[in-house]
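Structure first, commentary second.
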Amino acid sequence: TMKDLFRDGLSFSATLFVVYVVEYGLCALLVGRALGPGEVAVFQVLMSLTTAYVGLLTMVGTPLWAALVDARARSDHDWMVSTTRRYYRYLFFLAGPAFAGMAILGPLILPLWYGDEFQAGHALFAAHGLFLVAIGWRHVNRILLIGLDRLTESVRPILLGLLAGVILGVAGLHLFGLPGLFAGLSIGALVIPGIQLPRQVWRDLAAMDS
């Protein structure tokens, strides 16, 4: 119905575009006010890497959620469970090297890529690596809930996690600079949606099997 379409559209916007505006736009503004334009450039470079990382998850996730919708209509519970586990493994395949690569190789590779003026310590790259893990976990579970027709249940935990992340991130930004911002955003994404969304995924899968 139109009501359902409107509801799903609002849920999709709240869990994608609002998050994007806050994490990419608002945080860049906060970095500029707290640390100056030089650090904004560093922040934007790291967020461009974030965009590429999320794109790899979405590249697999978009056809996957359509396949989950079809499997749900056919009551193919076993396929849905196995596919959910494979998507989690795909995330771990990306997130593990992303975290290790950022923490270990980031300070060496990015100055070669962007020039010697791009200087950042291991703490920043480790914090950004943690951020990639956190938002990857949030994103994958959000995709799965779309396929399970439970996107509306993801809105509250995602927005609460975003709010908590911004509060912690702003405090961290003023205390520790960019590493503190990324650490705060990571904690918000991991503690609230990072716990509640996968619980919802497995609860729904279990309910379909009963």
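The values are calculated or read from the model by the stated rules, or taken from the named source; none is laboratory data. Every value quoted in this text rests on a predicted model; they were computed, and no experiment measured them. Using ideal geometry, Cβ is built from the backbone for each residue, glycine included, and neighbour counts are taken over all protein chains shown. Only protein heavy atoms, including side chains, enter the accessible area calculation; ligands, DNA and RNA are left aside. Shrake-Rupley method; radii C 1.70, N 1.55, O 1.52, S 1.80 Å.
Listed values, structure above:
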item	result
Residue satisfying condition, being surrounded by 15 or more Cβ atoms within 10 Å (Cβ to Cβ) and closer than 22 Å to Pro198 by Cβ, within set Leu110, Leu68, Leu46, Leu35	Leu68
Criterion (part of a helix (DSSP H, G or I) and either within 12 Å of the chain's Cα centre (by Cα) or among the acidic types (Asp, Glu) (or both)) met by exactly one of Ala127, Ala171, Ala164, Ala189	Ala189
Neighbours by Cβ (under 6 Å, 6+ apart or cross-chain): first from segment 14-36, at pLDDT below 90; second in a helix (DSSP H, G or I) and not acidic (Asp, Glu)	Ala14/Val155; Thr15/Arg142; Thr15/Ser154; Thr15/Val155; Thr15/Ile158
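Conditions (1) charged (D, E, K, R); (2) modelled with pLDDT of 95 or more; (3) open to solvent by 40 Å² or more (accessible area, probe 1.4 Å), marked per residue:
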| site | (1), (2), (3) |
| --- | --- |
| His128 | no, no, no |
| Trp137 | no, yes, yes |
| Leu151 | no, no, no |
| Val166 | no, yes, no |
| Ala171 | no, yes, yes |
| Leu175 | no, yes, yes |
| Ile187 | no, yes, yes |
